[in-house]
Each structure stands twice: as C-alpha cells, then as structure tokens.
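As structure tokens, the structure follows; a few thoughts come after it.
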Amino acid sequence: MYKVATWCIYALPLVPLAVSLSLVVINRRVINQRYKSAKTDRSETRTMALSVGALSFGGLVGVAALAGPGSPYVLPAVYFLAISFVMFFVGVALQSYKFTHLEDVLSDGLQCSGEMGLMVAVGALLLRASAGGWRGWTLAALAVGVATFDSGRRLRLQSRYLRGVRDAQTVEPAR
C-alpha cells in the first residue's frame, strides 16, 4: 500500500499534462487548426514561464547543494523541482512554436505540470521542516491545493475554448 501511495505522489505533477493530452484526444478534429495572429501573442506567457522556471531551477540547485550526498529526506523535493524545471523549459520551448491549438494545449499542460511540481516540492520541504507535524501537512496541502485549483481552472477554460471552436465548425453558416 505504501508503494502505491508513493507512486501516486510522485505522479502528481504529471496529472495536468495527462489532462492536456486528453483534451488533445477529445478535440482531435480541431486541434491542428492554426490560430489567428492575435491568439499567438507569446511574449507575456513566455516571460511568466521563464521567471517561474528560474525559480524551479534556483530551488533545485539550492536544495541539491544544501543536502548531503544521498540524503533521503530531500530526494523527493529534488525530484519534484527537477520535474518542474524540465516541464517549464519544454513548455517555454513549445510556446515559441504556438501556431495551432495543439501547441497551445500542450504548452499549457506542461506549464501547469511545472507549477504542480514546484508546489509539491514546496510541500515536501515543508513536511520535512516540520518533521511531519500538522503545520507542515496544512501548509503542504495548501500549496498543492493552490496549484490544483490554478491548473484545473486553466485547463477548464482551455476545454471550453476548444469546445467552442469545435461547435463553431459543426454549425452550418446562415445563408
């Protein structure tokens, strides 16, 4: 039972990416359509993703440098920070190619997974700092809850947008 719970926790940052992939499958008819020029404005999203990705990288370097070699207590945080940094990096790279709905959905999913990894790492560090006390559990749950709410809201808006695009294609134009 412990191994199953551990694997579920380690898979937590990948949940938003899995939801994004399901959006790709559900909306496969419209996923390769090109965006209009107004929708492809990437500079604001890239700036935010790069700054939060830098936070993941800084946290990864800091935690790895301060931990002793093979320290089992910080290995989960290092794992989650590494996942976060990689997800942000790939999401920013994909953002530069955002011409279709596919790149947009995958980029958002990767960035949501990066945010989730960062918050789960914060939660793991808080649990370690509090020695598993109720304050650590409360703050860890709050951090993961905020990331879950943000990812869920963003992916729900993306789903509504793609549903609107899909429904607009099925309606015959008035003559």
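For the range 161-171, does any single residue satisfy the condition of being in a helix (DSSP H, G or I), surrounded by 15 or more Cβ atoms within 10 Å (Cβ to Cβ) and without any contact (Cβ under 8 Å) to a residue 12 or more places away in the chain?
yes
Does V105 count as within 16 Å of F80 (Cα to Cα) and touching a Leu at 6+ places or on another chain (Cβ under 6 Å)? Reasoning before the result, please.
Details: within 16 Å of F80 (Cα to Cα): no; touching a Leu at 6+ places or on another chain (Cβ under 6 Å): yes.
Taking the combined requirement at face value, the residue does not satisfy it.
Working only within the range 8-25, note down all residues that are within 21 Å of G164 (Cα to Cα) and free of Cβ contacts under 8 Å to residues at least 60 places away in the same chain.
If the condition is that a residue be within 21 Å of G164 (Cα to Cα) and free of Cβ contacts under 8 Å to residues at least 60 places away in the same chain, then S22, V25 are the ones that fit.
What tally of residues in the range 124-160 results from selecting those that are in contact (Cβ under 8 Å) with a residue 24 or more places away in the chain and basic (K, R)?
The number of residues fulfilling the criteria is 2.
Anything in the range 13-50 that is surrounded by 15 or more Cβ atoms within 10 Å (Cβ to Cβ), modelled with pLDDT of 85 or more and within 16 Å of M87 (Cβ to Cβ)? List them, or say none.
The answer is P13, L14, V15, P16, L17, V19, S20.
Is it fair to say G145 is at positive phi and surrounded by fewer than 21 Cβ atoms within 10 Å (Cβ to Cβ)?
Values: at positive phi: no; surrounded by fewer than 21 Cβ atoms within 10 Å (Cβ to Cβ): yes.
The answer is no for G145.
Scanning the range 70-97 for residues that are at pLDDT below 65 and out of contact with any Lys or Arg (no Cβ under 9 Å at 6 or more places or on another chain), which turns out surrounded by the most Cβ atoms within 10 Å (Cβ to Cβ)? Please lay out each step first, then the result.
Looking only at the range 70-97, we keep the residues that are at pLDDT below 65, and these are 70-73.
Add one more test, that the residue is out of contact with any Lys or Arg (no Cβ under 9 Å at 6 or more places or on another chain), and what stays is 70-72.
Numbers: G70: 7, S71: 13, P72: 8.
This residue is S71.
Taking the stated definitions as given, is G133 of a type outside the set (K, R) and more than 12 Å from the chain's Cα centre (by Cα)? Before you say what the answer is, go through the steps one by one.
Working: of a type outside the set (K, R): yes; more than 12 Å from the chain's Cα centre (by Cα): yes.
When the stated conditions are applied, G133 passes them.
The values are calculated or read from the model by the stated rules, or taken from the named source; none is laboratory data. In this text the structure is predicted, and so the values were computed from the model without any measurement. Don't worry about glycine lacking a Cβ; one is built from the backbone with ideal geometry, like all the others, and counts go over all protein chains shown.
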